[in-house]
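To keep things clear, I will list the structure first and then write my remarks on it.
The values are calculated or read from the model by the stated rules, or taken from the named source; none is laboratory data. Please read all numbers here as calculations on a predicted model, not as lab measurements. As a convention, Cβ positions derive from the backbone with ideal geometry for all residues, glycine included, and neighbour counts pool all protein chains shown. The area values use the complete protein model at the heavy-atom level, side chains included, leaving out ligands, DNA and RNA. Shrake-Rupley method; radii C 1.70, N 1.55, O 1.52, S 1.80 Å.
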Amino acid sequence: VLDCASKKAVSKFTVAGVGLDTSMGPIGAAGFLLSPDGSILGISGSSMNFYAVITGAALNSSTILPPYESPFGLLPDDTRFIAQYESGQGNVVGLFNMSDGSASHLFDAPVSFGYSSGVAISQNGKLPAAVYGTTLRIWDVK
């Protein structure tokens with residue numbers, strides 16, 4: 001982490017190996033994402049890893065599988081992420097815990113929608129979305 005005003009490092013830490021599978025093309029690409037407040041770094045490669053930016057402490061206590069096609073988003077509560085995982089004839093879009101990858105909430109897209117090609121969540125964490133072909137599905141989290 002760099003302090004832009006002083007141009008000095010605030011923190012520096014080692015992350016787990018990303019371990020990409022390049023044989024699958026863009027599906028094997030790594031994704032890096034900061035939480036809305038910049039306090040959490042999420043990395044998706046051969047597994048998901050989450051870190052506290054200032055201390056460099058790992059937040060996940062176990063291995064978390066990478067999302068299908070690597071898109072994910074971090075929620076402002078600094079404890080969950082939105083992702084999509086392959087499941088049968090489609091995929092599951094949901095909110096998952098950064099600590100262990102367990103589902104905290106799954107969304108209700110019909111199986112007939114097939115696979116989503118991307119997920120996102122609003123900065124306040126209230127509007128998760130997923131794209132299915134030419135359909136954009138947006139949910140309201142209360």
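Filtered by the rule that a residue be open to solvent by less than 20 Å² (accessible area, probe 1.4 Å) and not in a strand (DSSP E or B), the range 79-100 gives a lone residue, M98. Taking the range 64-73 as the range and being in a strand (DSSP E or B) and either open to solvent by 10 Å² or more (accessible area, probe 1.4 Å) or in contact with a His (Cβ under 6 Å, 6 or more places away or on another chain) (or both) as the test, only F72 passes. For the range 50-63, the set of residues classified as in a loop (DSSP other than H, G, I, E, B) and within 15 Å of S102 (Cα to Cα) consists of L59, N60, S61, S62, T63, listed by residue number. Return the only residue of S61, S112 being closer than 26 Å to S39 by Cβ, open to solvent by 60 Å² or more (accessible area, probe 1.4 Å), at pLDDT below 90 and hydroxyl-bearing (S, T, Y). Answer to the check: S61. Cβ-Cβ distances below 8 Å connect the following pairs, each with a first residue in the range 99-112 that is among the hydrophobic types (A, V, I, L, M, F, W, C), a second residue that is assigned to a loop (DSSP other than H, G, I, E, B) and open to solvent by 70 Å² or more (accessible area, probe 1.4 Å), and a separation of six or more residues or different chains: V111/Q89. Selection over the range 31-49 of residues that are open to solvent by less than 40 Å² (accessible area, probe 1.4 Å) and in a strand (DSSP E or B) gives a count of 8.
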